[in-house]
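The values are calculated or read from the model by the stated rules, or taken from the named source; none is laboratory data. Nothing here was measured: the structure is a model prediction, and the numbers come from that model. A quick note on method: Cβ atoms are made from the backbone with ideal geometry, for glycine too, and the neighbour counts reach across all protein chains shown. Just the protein is used for accessible areas: all its heavy atoms, side chains included, with ligands, DNA and RNA removed. Shrake-Rupley method; radii C 1.70, N 1.55, O 1.52, S 1.80 Å.
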Amino acid sequence: MYFQLLLYFIFSLVAVFIVLFVFIAVLRWHYASKKRKFPTQFSIAFFHPYCNAGGGGERVLWCAVNAVSTAYPKVKIVIYTGDLEVSPVEIIKRAKQRFNITLPNNLEFIYLHRRKWVEAENYPYFTLLGQSLGSIVLGIEALRLFQPDIYIDTMGYAFTLPLFCLIGGCKVSCYVHYPTISSDMINKVIQQKGKRRTISYIKLVYYQLFAKLYGLVGWFADSIMVNSSWTEDHINTLWKRPLSTYKVYPPCDTSDLQGLPLERQKTKSVKIISLAQFRPEKDHPLQLKAMYHLRQIINEHVWENIELVFVGSTRNQEDEMRVVDMMDLCKHLSLENNVRFKVNISYDELKNELSEGLIGLHAMWNEHFGIGVVECMAAGLIMIAHRSGGPLMDIIIEDGAGQNGFLASNEVEYAHAIHKALLLSDTQKLSLQKAARGSRVTKDVGSQKISIRFRQENKDAISG
C-alpha cells in the first residue's frame, strides 16, 4: 500500500511538472509569435513600481535610464510603474526637483494597477513570501501590457525574473539594493530561538526554505548588479553566480555637494542632519533616543544650541503617518525644541541644509550601501552611521590616520559619538571633513556612471 502511495505521489508530481512545462511552453510560443507578427523597436524595460518615491533606489533608476539613453539613443525605454496618481510629466519633474536629473524624452511609462499585491500591509503573516508571490502577479500584468527585449528589475522583485525569462523570452538583468532574505536575518532568528522556541523554530524553517526559493530565482538573471560589498557577499552566497555578478556603486552626483565650503560659518548653534527616506528600516526613532541620551551627558547651555534636522521624502500615507509618530515621540522625549522635519524638499533646499550642517546621522542596521551617507560626507559633514552593512564595509573608516567618520550600534553609542564630534577642535573637524570628502568611495560614486552589463549579443542587437 505504501509503495502504491509513493508511486501515486511520484506520478502526480511528474504530471504537475509536465503540465507546468507545457503551460510555460505555450505561453512562451504565444509571446514569441506575437513578437514576430508585430515587430517593434528594440526595447528595454525597467520594473520599478514605486518610481516616484524619491529615494536612493529611484536615483539609481533614473541614472540607469540616462546612461542607457545616452549609449543607445535609438532604443525604446519603458518604465513599469504603479504610481497611478501621477502623470509622466509629474514623474519627470520630480526626478529633476529631487535629484537634479534631466530625463530623456524617449521614455514611455506603463501603468500597473495591481501594485497592492506587493504591499507589505496585505501580508501580516509570511510577508516575504506574500510580497514575492504578489510580485509575480504584478509581473504578469506588466508582461501582458508590454513585452520588452531586455527586462531589468531595479527594485528587488527577483521572483519576476523567471517570468520574463521563461515566458517573455527576454534577456533578464537586475540591480539588487538589498537581498530579500539574508544570512543575517536567519542568524537573528537563531539567536532568538531560546525566547519563544516554537514560533522561532517555525520562522527559522520558513526563512531557510524561502532562502532556497530565492536562490533558485536568481539563476534566471543573465546579468546581476549589486550596490555594495555587503550585498555582493549575500547575493553570491544565495544565488551562487559570482561570474555574472558585478559590484556597481549607486550613482551619486557629489560634484555639486563637494563645492560646498568645508569650514562652516561661526555660530553658536550646531546643526545635525539626518538624510533618509521616512521608512521604518531607516530607524529614525533610534536617532531621537540618541538625542535624548546626548542631553544627559552634555552641558545644558550646549544642548540649547543643538538642532537635529530630519530631511527625507515620503512615499505614501503610511510614511506620512510615520513622520507624525516621530513628532509625537519628540514631545514624549522633550526634544520638540531641538528637532525639525523637512519633508519632500527640493534639491536646492537640501543643499542649503547640508551646507549649514556639521554632523550627519544615519541609523539603518545593515544599510545595503548608503547614498545618504556619501552625500553627507561629500557635503563636508562629520558622519556617524551604523556599524554594519555598506557604511562599515565600503564607506566609513573609523580608526587610524585615514579616519573619515564614526560608527555606532545603539542609541548610547550614537550619543557618545555625537559628543566626541562636538568636542573636536576646529583643526580636527576640518581634518575629518577633508578625509570624508576625499575618501575613495565618495570620489568613485561621485564620478561613476551606472552601466548595464549586457551580454555581447545584446550589445550587437541594440547597435544593429
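What figure in square angstrom, to the nearest 10, would you give for the accessible area of T267 with a 1.4 Å probe?
Around 90 Å² of this residue is reachable by solvent.
If you roll a 1.4 angstrom probe over the protein chains with everything in place, what fraction of the accessible area of region 144-291 belongs to carbon and sulfur, to the nearest %?
Details: 3650 of 6460 Å².
Ligands and nucleic acids excluded, carbon and sulfur reach 57 percent.
For region 317-324, just list the computed ³J(HN,Hα) in residue order, Karplus coefficients 6.51, -1.76 and 1.60, θ = phi - 60°, integers in Hz, with x standing in for Gly and Pro.
After applying 6.51 cos²θ - 1.76 cosθ + 1.60, I find 5, 4, 5, 5, 5, 5, 5, 4 Hz.
With an 8 Å Cα cut-off and a minimum separation of 6 or more residues, compute the relative contact order for region 297-429 in percent.
Working: 147 pairs, mean separation 22.7, N = 133.
Relative contact order of region 297-429: 17 percent.
Can you run phi through the Karplus equation (6.51, -1.76, 1.60; θ = phi - 60°) for region 155-168 and list ³J(HN,Hα) in whole Hz, with x for Gly and Pro?
Running phi through 6.51 cos²θ - 1.76 cosθ + 1.60 with θ = phi - 60° gives 10, x, 8, 5, 6, 7, 4, x, 4, 6, 6, 6, 8, x Hz.
Just the number please: accessible area per residue for region 72-146, 1.4 Å probe, all protein chains included, in Å².
Details: 4010 Å² over 75 residues.
Per-residue value: 53 Å².
Using a Förster distance of 56 angstrom, determine the FRET efficiency expected from the C-beta separation of L262 and L216, and round it to 0.05. Could you put the intermediate results ahead of the total?
Details: r = 49 Å, r/R0 = 0.88.
Efficiency at R0 = 56 Å is approximately 0.70.
If you plug each phi of region 241-248 into the Karplus form 6.51 cos²θ - 1.76 cosθ + 1.60 with θ = phi - 60°, what whole-Hz ³J(HN,Hα) values come out, in order, with x for Gly and Pro?
10, x, 6, 10, 10, 10, 8, 10
For the pair L145 and K331, what calculated FRET efficiency results from E = 1/(1 + (r/R0)^6), where r is the Cβ-Cβ distance and R0 = 56 Å, to the nearest 0.05? Write down the numbers at each step before the final one.
Numbers: r = 47 Å, r/R0 = 0.84.
About 0.75, to the nearest 0.05.
Running Debye on region 109-157 with equal point scatterers at the Cα sites and no solvent, what base-10 log of I(q)/I(0) appears at q = 0.22, 0.24 Å⁻¹?
-0.80, -0.91
List, in the order given, every pair from K76/K282; K76/K342; K76/K212; K116/K271; K96/K116 whose Cα-Cα distance in the structure shown is over 31 Å. Please list the in-between numbers first.
Working: K76/K282 35 Å; K76/K342 37 Å; K76/K212 35 Å; K116/K271 39 Å; K96/K116 27 Å.
K76/K282; K76/K342; K76/K212; K116/K271, as the Cα separations exceed 31 Å there.
To the nearest 10 Å², what's D426's accessible area with a 1.4 Å probe?
90
Quick query: amide H of V339 versus all other amide H atoms, modeled in the peptide plane; which residues come in under 5 Å with a sequence gap of 5 or more or a different chain?
L308
For G360, enumerate residues with amide H under 5 Å from its amide H, sequence gap 5+ or separate chain, H modeled in the peptide plane.
Close amide H contacts, sequence-distant or interchain: I273, I382, M383, I384.
Tell me which residues come under 5 Å, amide H to amide H, from I101 once H is placed; ignore anything under 5 positions away on its chain.
Those qualifying (amide H under 5 Å, at least 5 residues apart or on another chain) are K96.
Bin all alpha-carbon pair distances of region 188-284 at 10 Å intervals from 0 and give each bin's fraction as a whole percent.
In order of increasing distance, the bins hold 12, 22, 28, 20, 12, 6 percent.
Hey, can you find the accessible area per residue of region 290-334 for me, probe 1.4 Å, expressed in square angstrom? All intermediate terms of the calculation are to be shown ahead of the outcome.
Values: 2440 Å² over 45 residues.
Result: 54 Å² per residue.
What percent of all Cα-Cα pairs in region 295-392 falls in each 10 Å bin, counting up from 0?
Going from the shortest bin to the longest, the percentages are 14, 38, 42, 6.
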